[in-house]
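The values are calculated or read from the model by the stated rules, or taken from the named source; none is laboratory data. If you're wondering where the values come from, they're calculated on a predicted model, not measured in any experiment. Virtual Cβ from ideal backbone geometry, glycine too; neighbours counted across all protein chains shown. Calculation scope for accessible area: heavy atoms of the full protein, side chains included, ligands and nucleic acids excluded. Shrake-Rupley method; radii C 1.70, N 1.55, O 1.52, S 1.80 Å.
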Amino acid sequence: MLADTATATTTVCRRFTNSDSKMTDRVYPSSKPNGNTTAATTNTRLPPPPSKAQQPNRHPYRPNSVTNQRTRRRSRRGCFCLCCFWSVLIITLLILISAIAGCILYLLYRPHRPTFSIASLKISEFNLTTTADDTTRLTSNLNLTISTRNPNKKITFYYDSISITCLSEGTQVANGNFANSFVSNPNNITIIRSSLSSNSQLLETETVNRMRSDLKKKSGLPLKLLLDTKVRVKIESIRSKKIGIRIKCEGIHSLIPKGGSGNSRNSSSSSVAATVSAAKCKLDLRIKIWKWTF
């Protein structure tokens, strides 16, 4: 037993001796750098970093101003295109609805425009007076009778007062009005009577010469009538807004009472009836947009 103990002790001592020899055999590098190594490190330089394009100094969280402007322009264009699209769509829908409503009304009621015709036009006074200063003035008096007919069965027209102007090749001869408003019932004829006049209206020399030349003709002086008024349409229980209309009556010719074309003011007691057999009246709508009337 003692022999075994001695053997174990000898074995442990050998292991310890071997481990100490190994530790003594290790070589640790010096902390001071060697001169050759420093020279090699100094001679071997790292390549410089790649150059980058210089950018303006700005905060990293700020977006690029050019990109921001482009985005705003795109958003504005998008809003403009969207507004145009909806505007065109709404206008198209309104036109379509109006066309459909108009077709339905036409099929149900068959509306027609009222007709106008000149029953008579009489000139009781037409004087061209030349004064001492070689100026010519016109004094006239006319009596007009017009008939209007409503050819519709279920449509009623409500007329305002009518302004009447008599022209001769663009020159005003007389004017007047029919002050009373009236109603034109379905399938009804309404008679309108009015007096037109002008008092010492100054005329140009060219106009006077033209009038005197026309009065020498057999057909007489060409006349034209303009009637301006507003009308409201009623279809059963539906009433529209007032609409401006103009009636043009052309194809009228007339002579004047004797003594009317002279240089002195002489009125004749008898009146002269104008020729209205070839007269035709045309009704046009007058649309007013701000200051302009079409």
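Worth a mention:
- Pairwise FRET efficiency - Thr145 versus Glu204, Cβ, R0 = 45 Å, nearest 0.05: 0.90
- For segment 121-191, applying the loop criterion from DSSP together with a ceiling of 13 other beta carbons within 10 Å to the trypsin sites (Lys or Arg not before Pro) yields Lys153, Lys154.
- Sorted largest first by accessible area at a 1.4 angstrom probe radius, with every protein chain in place, the residues Cys249, Cys79, Cys84 fall in the order Cys79, Cys84, Cys249.
- As a calculated quantity, the FRET efficiency between Lys216 and Asp134 at R0 = 22 Å, using C-beta atoms, amounts to about 0.55.
- Cα point-scatterer Debye curve for segment 159-239, base-10 log of I(q)/I(0) at q = 0.19, 0.21, 0.24 Å⁻¹: -0.90, -1.01, -1.18
- Value of D in µm² per second that Stokes-Einstein yields for segment 72-207, Kirkwood Rh from Cα pairs, at 25 °C (0.890 mPa s): 123 µm²/s
- Between Cys103 and Ser161, the C-beta separation translates, for a Förster distance of 35 Å, into a calculated FRET efficiency of about 0.55.
- Gain on full stretching of the segment that runs from Thr275 to Ala119 - 0.36 nm per residue minus C-alpha separation: 55.1 nm
- Distance violations [Cα-Cα > 19 Å] among Lys122/Lys224; Lys218/Lys248; Lys242/Lys288; Lys218/Lys258; Lys224/Lys248; Lys122/Lys280: Lys218/Lys248
- 3J(HN,Hα) along segment 95-101: 5, 5, 5, 5, 5, 5, 5 Hz, from the Karplus curve 6.51 cos²θ - 1.76 cosθ + 1.60 with θ = phi - 60°, whole Hz, x for Gly and Pro.
- Modelled spin-label separation between Leu285 and Arg246, with each label point placed 7 Å from Cα along the Cα-to-Cβ direction: 1.6 nm.
- Zero-based 10 Å bins, Cα pair distances in segment 169-289, whole percents: 10, 34, 31, 16, 8, 1
- To put it simply, the accessible area of segment 102-181 at a 1.4 Å probe is 49 percent carbon and sulfur.
- Rolling a 1.4 Å probe over the protein heavy atoms of segment 182-235, with every protein chain left in place, gives an accessible area that is 47 percent carbon and sulfur.
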